[in-house]
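In what follows, a structure is listed as structure tokens, so that the remarks can point back to it.
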Amino acid sequence: MKIENIQVLRGPNIWSVNRKKLIQMRLDLQELEHKPTNQIDGFYERLKALIPSLYEHRCSPGVPGGFFQRVVAGTWMGHVIEHIALEIQSLAGMDTGFGRTRETKSPGVYNVVFTYLEEKVGIYAAEASVRIAEALIAGEDYDLEHDIQQMREIREATRLGPSTGSIVEEAIARDIPWIRLNNQSLVQLGYGKNQVRFRATMTEKTSSIAVDIASNKDETKRLLQEQAIPVAKGITISSLEGVDEAIRKVGFPLVFKPLDGNHGRGISINIRTREDAIAGYEFASRISRKVIVERFITGYDFRVLVIDNKMVAAALRDPAHVIGDGELTIQQLIDKENTDPRRGYGHENVLTLIDIDRDTLDLLEKKRYTLGTVPPKGEKVFVKSTANLSTGGTSIDVTDHVHPQNIFICERISKIIGLDICGIDIMAENLSEPLTETGGVVLEVNAAPGFRMHIAPSEGLPRNVAGHVIDMLYPYGKSARIPIIAVTGTNGKTTTTRLIAHIIKNNGYRVGFTTSDGIYVQNTMMLKGDTTGPVSSEFILKDPTVEFAVLETARGGILRSGLGFGFCDIGVITNIQEDHLGLADIHTLDDLARVKSVIVNSVKKNGWAVLNADNEYCVRIGKKAECNVTYFSRNENNPIIKSHIKKGGIACVAENGFITILKGDWKLRVHRTALIPLTFGGTVQFMIENVLAATLATYLWGFRTEDIKTSLETFIPSAAQTPGRMNIFDFKDFKFMIDFAHNPDGYNGIKEFLSHVDSPYKIGLIAGTGDRRDDDIRENGRIAATMFDHIMIRQENHLRGRTKQELIGLVLEGIKEVDPNKSYEIVESGNVDSVAYAISRARPGSFIVSLGDAVDGAIPIVQDFLEKEIKY
């Protein structure tokens, strides 16, 4: 078998709109295409022995063991690999369930699709599943546990931490979108101007001064002491000489901890000798130059969590420990404890596996114990000095038992320090009685406190503390989203996107939009290039100044990695025509329609799909849509339009020379078509379609027809507003037009326009495009032969795997099929030089048209020639 490609889908895609995280592996089965599982001796038995948990996969029979039934009956290896990839992720602690395996148009080549939780783990699972299958086919031993451990380690290195993850999960539950901004814990919730950011459990509302105070334990202690908060007696030292002073002033037993430490690093507790005190100071000084020395307070370690100045949870924390039984060694007791099913690697389970490190050995040494010591029955032996869950500690929820006075103290502490999310460490006999009566003290105040002990305690009621964070960041009535209009189609999508953005800008919004020539925020190009994929969409949605997003969305981005947003308010499909067929398993217009329909399937339930009633594939998509559907057409008598209106629908049509909204029995005329600059006096039909689509989309959003009319009047086809879309430059003796048309439908649109152009000599500057089918290139040549008097065939800049001779030959074949005597010449230069050459060949009255998807360099060249003509 051969893995041809692995793609990571991160948004709504052709396989599923709701399952956004999918791996798509293109797999060539090679000789195994002719060898299903029932023809491989012993395969079923070896698979069952290696991964017995596959029994739970129901597959098409719909019962436990259903997948194994398929294997026994005979199924193809791509299907087996799909199930292996899902199951090994589950064995590594990441439950997944959705998978699909479909043969492509290439015999023996399959798309194996399955869900993932962590992207890099999904890729590893794809590769490992093929290795596992190959080993099972060959009857070779395979170390499955190695793969599972590798996936666990990858997960822990790349996943969001439990605190960050809990906030994200709560946001998802509330339908708040999120974007991970780095490979750590920096996360954006919401889109555009309504976004907020947080890192771990620090938010953009967290005061930097408060964090600075909390990070300085000495300063924290002083502020709390001044406000009558009970704290432990202690001093701060910065040298070995200070150890004796601390012993004298504070007295044994002692606690040593770094002034600027966190997560329990560098802490030594219950120190009772000068020798241990020196060791404790040296250990803490590795973390911080200054070290706090406090009186060791006996009691229990509690953590109280305060969010937005309200106590939301409290937990009793216990450091990792074992209980002696008089028979097993400490090592054996740790090993036994680690068999607890609640314990797992990293953060995968409620509890974490206990590992043995220097802290463990130091604690045992202080008791004159080793890992080989057999502690007496019932003795509690601590193997970690701090109660962090990440080092194997446990937690018991005590939220409901906290005394009202202690709640008051903790909420007051959060205000004294100034933290919006505040973790308070308290040492006391209990929290059910006031600290002032039990002698309990506040040990520390923590910025960015961990949530794991509260959301998944070892005992007691889990607390949805992340919900309180979301309540604070998005109080009732505050939206997390901005409006999104997504535009797709074969032709016209860039112009439609630009026109929609123009209308919205004129109505007072700051618009961010993506096109095939660049990313724009309001009137400024931020990035140049073909920016119609998910990365470009995210660029706009990450921008905190954007109030409204209009996103051109091309087929390539959808196929490569899905959409860059979860859903949109309005989805527009301009048309579905033959273009890019034969690429990425898209061979027919039905295939292409399936790709484009992802946009409509991603429109929210109460949103709108704006579809072309003159295009049968758009109509088919509309019939299956689960959102509101509306249509536009150049013909008000289009039967789809008439039926739609009769049912109470809304439509936009060209009728009697007007752009008109049809709503019930009413006709709302927006503007006379001939007065809209983009339509070139009403002569360019495909531009009228773009106007219809944009008018309908913005009307449905709620803009008034009067305001839409004004915007239509001020949207001028030019290199500035519609670069590469029918840009006409008026020279003294001739005209030069640049257009993006590069497929037969686009060529036919230009042909229709040229039929209204009065010119004695029409020249076409064209090229074959390398990633089109042969007959598509020929068809462009055929159409060119019918609309130009003379054709210049230039060299394509981007050959895309072909030779220039091959492309030129295909264009010529098409031309000669229509007119063997058609005047033509081959221009031995690229796009930019060929434009200059065409201008040099212009004769009085000529109308020169440069067609193709390489327009970037052509516009400046023509503008430069025009400026020189004006100057001289």
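List of remarks:
- Between ALA135, HIS83, ASN388, the Cα set farthest toward the positive side of the dipole of the chain (charges on each charged residue's Cβ, about the Cα centre) is that of ASN388.
- Computed on protein heavy atoms with a 1.4 Å probe, the accessible areas place HIS790, HIS403 in the order HIS403, HIS790, largest first.
- Computed over segment 353-401, the Cα gyration tensor eigenvalues convert (square root of 5λ each) into semi-axes of 24, 14, 9 Å, ordered from largest to smallest.
- Anisotropy class assigned to segment 399-458 is oblate, per the alpha carbon gyration tensor with a/c at or over the 1.5 cut-off and a/b no larger than b/c.
- Shape call, segment 480-536: gyration tensor on alpha carbons, a/c limit 1.5: rounded
- Pairs of alpha carbons in segment 48-170 separated by more than 23 Å make up 34% of all such pairs.
- Summary of packing: across the peptides 292-305, 79-92, the per-residue average of other C-beta atoms within 10 Å ranks them, highest first, as 79-92, 292-305.
- Cα centroid separation, segment 515-556 to segment 431-502 (Å): 26
- The GLU867 and ALA625 beta-carbon pair, evaluated with R₀ = 51 Å, returns a calculated FRET efficiency of approximately 0.55.
- HIS401 accessible area, 1.4 Å probe, all protein chains in place, Å² to nearest 10: 120
- Set of aspartates and glutamates with alpha-carbon distance to LYS647 below 14 Å, sequence-local pairs under 8 removed: ASP665
- Rolling a 1.4 Å probe over the protein heavy atoms leaves LYS336 with an accessible area of roughly 130 Å².
- Taking 23 Å as the straight-line reach from the Cα of LYS120, the lysines in range (excluding those fewer than 8 positions away in the same chain) are LYS2, LYS20, LYS21.
- Among 735-742, 473-480, sorting by the average number of other beta carbon atoms lying within 10 angstrom of each residue, highest first, gives 735-742, 473-480.
- Of all aspartates and glutamates in the structure, those lying under 19 Å Cα to Cα from LYS604, and not within fewer than 8 positions of it along the same chain, are ASP175, GLU538, GLU547, GLU552, ASP569, GLU626.
- Highest mean packing comes first when the peptides 686-696, 438-448, 236-246 are listed by Cβ atoms within 10 Å, giving 686-696, 438-448, 236-246.
- Computed on protein heavy atoms with a 1.4 Å probe, the accessible areas place ASP308, ASP325 in the order ASP308, ASP325, largest first.
- Residue pairs, from the table LYS233/LYS377; LYS642/LYS709; LYS596/LYS663; LYS310/LYS377; LYS642/LYS735, whose Cα atoms sit over 32 Å apart: LYS233/LYS377; LYS310/LYS377; LYS642/LYS735
- Debye equation applied to the C-alpha atoms of the chain, log10 I(q)/I(0) at 0.04, 0.05 Å⁻¹: -0.27, -0.41
- Separation of segment 686-709 and segment 578-647, taken as the distance between their Cα centroids, equals 18 angstrom.
- Point-charge dipole on Cβ atoms (K/R +1, D/E -1) for segment 526-617, about Cα centre, debye to 20: 320
- The chain, dipole about Cα centre (Lys/Arg Cβ +1, Asp/Glu Cβ -1), debye to the nearest 20: 2000
- Residue-averaged [θ]222 nm for the chain, counting only DSSP H segments that reach four residues, each worth -39500 (n - 2.57): -11000 deg cm²/dmol
- The accessible area of ILE3, taken with all protein chains in place and a 1.4 Å probe, comes to roughly 60 Å².
- Heavy-atom accessible surface of the chain, averaged per residue, reaches 42 Å², computed with a 1.4 Å probe.
- List LYS35, LYS505, ordered by accessible area with a 1.4 Å probe, largest first: LYS35, LYS505
- Sequence-distant residues sharing a close amide H with PHE658 (under 5 Å, placed H): THR673
- Net +/- balance of residues flanking LYS735 in space, Cβ distance below 13 Å, scoring K and R +1, D and E -1: -2
- With every protein chain in place, the chain: carbon and sulfur % of accessible area (1.4 Å): 49
- Span-like helix ranges in the chain, DSSP H, alpha carbon extent 27 angstrom or more, Kyte mean at least -1.0: 119-138
- Within-14-Å neighbourhood charge of GLN188 [Cβ basis; K, R +1; D, E -1]: +3
- Cβ-based net charge around LEU29, under 14 Å, with every Lys or Arg adding one and every Asp or Glu removing one: -3
The values are calculated or read from the model by the stated rules, or taken from the named source; none is laboratory data. Quantities reported herein were computed from a predicted structural model and do not represent experimental measurements. Reconstructed Cβ throughout: ideal geometry from the backbone, glycine too, with neighbour counts over all protein chains shown. Surface areas here come from the heavy atoms of the whole protein model, side chains and all, with no ligands, DNA or RNA. Shrake-Rupley method; radii C 1.70, N 1.55, O 1.52, S 1.80 Å.
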